[in-house]
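Below is one structure, written out as structure tokens; the observations come after it.
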Amino acid sequence: MFEQERKIVEAAWEDRSMLADSATREAIRNVIEAVDKGRLRTAEPVDLEHGEWRVNEWVKKAVILYFPISKMRTMRGGELEWYDKMELKHGYEELGVRAVPHSVARYGAYIAPGAVLMPSYVNIGAYVDSGTMVDTWATVGSCAQIGKQVHLSGGVGIGGVLEPVQAAPVIIEDHCFIGSRAIVVEGAHICREAVLGSNVVITGSTHIIDVTGSEPVEYRGFVPARSVVIPGTYMKRFPAGEYGVSCALIIGRRKESTDKKTSLNDALRDFGVSA
């Protein structure tokens with residue numbers, strides 16, 4: 001399936017003059033329609049047990065090529081006006097998605113039945129699975145992959161990535177709780193059932209330090225399953241002196257007995273910290 005579209009997209013990626021051809025534009029639009037409906041993904045799980053995912057580079061190429069074949073136009077909603085080349089997502093009732101006023105998702109983003117969009121933004125290429133809440137002023141960047149029953153709390157920033165095409169997008173696996181104002185960017189991977197406390201920042205280079213054992217264990221761009229994470233600092237020496245530099249601390253593991261819908265305060269209470 002989509003093998004013909006894949007060949008055309010790969011060829012057009014190398015030769016942009018092909019974008020003038022109607023068959024090429026139709027193939028790109030077919031891919032974006034499939035991404036919008038969840039039949040294709042910019043990245044997909046290969047082995048969830050071990051947190052392995054595959055980036056579908058050719059699908060990301062189609063998303064990028066969709067921009068130059070789309071024309072700018074004026075869009076209006078009452079007194080509000082925009083000027084852009086991307087369509088917005090429509091038909092939420094038929095999709096089984098609750099979309100609160102001022103929530104915006106671009107066409108080409110998949111929103112699964114049972115998801116809830118508070119006033120928020122979901123960009124093209126993203127995947128938001130069933131039962132997930134994108135809370136007020138949270139953003140889901142291009143191609144980000146959000147699992148089932150995830151809570152992205154108010155003001156959460158999930159970064160997007162289109163280029164380079166081989167770069168992994170941000171991945172938030174099933175049943176994660178991402179606390180208010182947390183930021184996850186640069187292709188960081190948050191494994192299933194993890195809890196990020198408020199204001200945690202995870203980038204591709206953030207020091208993520210597991211402090212639960214007798215010796216610290218460090219990760220970069222990866223939070224293991226069921227980890228409970230809070231903001232922290234570590235000391236670093238500079239020419240002008242020693243200063244605290246932000247990091248993320250894994251302070252424990254979410255218990256199997258804990259209800260996956262528990263509040264952030266409840267998840268952190270066992271470890272003597274607050275949200």
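Could you run the Debye sum over the Cα atoms of region 51-99, one equal point scatterer each and no solvent, and tell me log10 of I(q)/I(0) at q = 0.33 Å⁻¹, two decimals?
Each listed q corresponds, in turn, to -1.09.
For region 23-33, take each phi angle, set θ = phi - 60°, evaluate the Karplus expression 6.51 cos²θ - 1.76 cosθ + 1.60, and give the result in whole Hz per residue in order, putting x for glycine and proline.
Those phi angles translate into 5, 5, 5, 5, 4, 5, 5, 4, 5, 5, 4 Hz.
Mind checking the alpha-carbon convex hull of the chain and giving the volume per residue in Å³?
Values: hull volume 46.5 nm³, N = 275.
Cα convex hull per residue, to the nearest whole number: 169 Å³.
Among the DSSP beta bridges whose two residues both lie in the chain, what percent are antiparallel, rounded to the nearest 5? It would help to have the intermediate numbers written out before the result.
Values: 26 of 61 bridges.
Within the chain, antiparallel bridges account for around 45 percent of the total.
At a threshold of 8 angstrom on Cα-Cα distance, excluding pairs fewer than six apart, so keeping six or more, what relative contact order does the chain reach in percent?
On the way: 699 pairs, mean separation 26.0, N = 275.
About 9 percent, as a whole number.
Could you tell me which of rounded, prolate or oblate describes region 211-254, using a ≥ b ≥ c as the square roots of the eigenvalues of the alpha-carbon gyration tensor, with rounded for a/c under 1.5 and, failing that, prolate when a/b is larger than b/c and oblate otherwise?
On the way: a/c = 2.69, a/b = 2.33, b/c = 1.15.
It comes out prolate by the Cα gyration axes.
Out of region 1-79, which trypsin sites (Lys or Arg not before Pro) are coil in DSSP terms and have no more than 13 other C-beta atoms within 10 Å? Could you put the intermediate results ahead of the total?
Numbers: sites: 6, 7, 16, 25, 29, 37, 39, 41, 54, 60, 61, 71, 73, 76; in loops: 37, 39, 41, 71.
Answer by residue number: 37, 39, 71.
Any idea what angle helix 57-66 forms with the longest principal axis of the chain, computed on alpha-carbon atoms, 0 to 90 degrees, nearest 10?
Approximately 60 degrees, to the nearest ten.
Would you mind finding the longest exposed-site-free stretch of the chain, with exposed GluC sites (Glu not before Pro) meaning DSSP loop and at most 11 other Cβ atoms within 10 Å? Before the final figure, lay out the partial values.
Working: sites that count: 79, 256.
My reading of the result: 80-255 is the longest stretch.
How large is ³J(HN,Hα) for each residue in region 175-191, as worked out from phi by the Karplus curve 6.51 cos²θ - 1.76 cosθ + 1.60 (θ = phi - 60°), to whole Hz, x for Gly and Pro?
Working through the residues one at a time gives 6, 7, 10, 10, x, 3, 6, 5, 10, 10, 9, 6, x, 5, 10, 9, 6 Hz.
5 Å is the cut-off here: which amide hydrogens, built 1.01 Å from N in the peptide plane, fall below it relative to residue 109, excluding neighbours closer than 5 in sequence?
Distant-sequence amide H within range of residue 109: 125.
Can you classify region 13-102 as rounded, prolate or oblate using the Cα gyration tensor, where a ≥ b ≥ c are the square roots of its eigenvalues, rounded means a/c under 1.5, and otherwise it's prolate if a/b beats b/c and oblate if not? Please list the in-between numbers first.
Values: a/c = 2.41, a/b = 1.12, b/c = 2.15.
It comes out oblate by the Cα gyration axes.
Restricting to bridges with both residues inside region 13-143, how much of the DSSP beta-bridge set is antiparallel, in percent to the nearest 5?
Of those bridges, close to 50 percent are antiparallel.
Of the listed pairs 60/148; 37/71; 37/148; 71/148; 7/148; 85/148, which have alpha-carbon separations greater than 25 Å here? If you can, show how the numbers build up before the last one.
Values: 60/148 22 Å; 37/71 22 Å; 37/148 16 Å; 71/148 34 Å; 7/148 32 Å; 85/148 30 Å.
In this structure, 71/148; 7/148; 85/148 exceed 25 Å between Cα atoms.
No value in this document is a laboratory result; all are computed from the given coordinates. Predicted, not measured: the structure shown is a model, and the values here were computed from it. All Cβ positions, even for glycine, are placed from backbone atoms using ideal geometry, and neighbour counts span all protein chains on display.
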